[in-house]
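In what follows, a structure is listed as structure tokens, so that the remarks can point back to it.
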Amino acid sequence: MEKKSTQTTGQKGETTPSVTDIWRECESMLKYAMKQGKPLEKEPLAVLETPFSESTDEDKVSQLFISYNYLLDVVKPTSPRTITALEQAEGPSLFRIFGPLPIIRQFMVVALLALTGMIGISLSPHVNTDTIQLSMLQGSGPDQMLRLVFLVSCASVGAAFFALYKMNNLMARGAFDVSDSHVYWSQFVLGIVAGLLLSELFVAFIEPANGETTDSTAAGPLDSLAFLLKPVLAILGGFSANLLYRILNKLVSTVETLFKEEADDIVAQREFQAQLQAQERSAKLRSKTANQLLSLKQVMVKHQVPEEVVGQLDQALSGIIGSTAKPG
């Protein structure tokens, strides 16, 4: 029997999922639901009981989509892509002990390498209580290089720990999506940058050692707590890159607030000066008007204008003089 392909091509040349792909995802979701002990109904899954052929009629394809949507609700929050990836990862493998998915195995290896690097570099005589206090601009040579690599290793441990913890938590809840793999790698890189910057930005708050000896092996356990601040900050920054973002964002907001307050003060001062100038012009105008009314009154008295008219002029003149006497 000749098989008819149901695979289509998108606008950019990308192929959309065919009926065969949907059928395979339905089978994968059905196996996953049975392994997880999910309750199933027979009626929505009736189309999966018969073997699949791409030459099936439209009615069977419609039933297949009904089964697909039903299984999506059953396996939520797990996505079909994750279920397919888990199914493909099944089978004997030497690296399966590091996790069921490649992304988890990769981060497991990265975490072990970062932890090994942190421990190995800490054993070097170039990384001690004296060199760990130096900033990025103070040290030089192999001491400075190993110190920075040590802080990067600490940040990598924190970033890898965060990624593994989050992925394992999502895997336990069945909500992990393999399409988010790039997100974990970007968070890992951000964690390394944040850990290194956080440990270096806080170097000003670390008081230098004031002991009588510079031998790091002679110091007691509690004497080295101050020197662990930078590695701890590197691990903390690697675990939470958002912490450094909030700190920097708060600093920027504070600086903007200072400049904004200065600008507001300048604007308020200019508005006050404009009000004073307006009051001064108004006072001069009222004074000039009062002088003109006084001159008019003298002319009216000289020509023996009726007292009623002169009285109204006096009332207007007293109002102008009274408003001029009031403070602006």
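Among the residues of segment 124-142, how many are surrounded by fewer than 16 Cβ atoms within 10 Å (Cβ to Cβ) and either in a helix (DSSP H, G or I) or modelled with pLDDT of 90 or more (or both)?
Of the residues in that region, 2 qualify.
Do we find a residue being modelled with pLDDT of 75 or more, assigned to a loop (DSSP other than H, G, I, E, B) and surrounded by fewer than 17 Cβ atoms within 10 Å (Cβ to Cβ) anywhere in segment 47-68?
The answer is no; no qualifying residue exists.
Name, by its number, the condition in (1) closer than 30 Å to L113 by Cα; (2) at pLDDT 80 or above; (3) small (G, A, S) that does not hold for G220.
Condition (2) is where G220 drops out.
Could you check segment 144-176 and list, in sequence order, the residues that are in contact with a Leu (Cβ under 8 Å, 6 or more places away or on another chain) and charged (D, E, K, R)?
R147
Would you say L285 is closer than 30 Å to Y165 by Cβ, in a helix (DSSP H, G or I) and modelled with pLDDT of 80 or more?
Here the answer is no, as L285 does not meet what is asked.
Identify, from the list K230, K260, the residue that is exposed (fewer than 14 other Cβ atoms within 10 Å of the Cβ) and either among the basic types (K, R) or modelled with pLDDT of 85 or more (or both).
K260
The values are calculated or read from the model by the stated rules, or taken from the named source; none is laboratory data. This structure is a prediction, so every number in the text was calculated from the model and none was measured. When we count neighbours, we look across all protein chains shown, and the Cβ atoms used for this are built from the backbone with ideal geometry, even at glycine.
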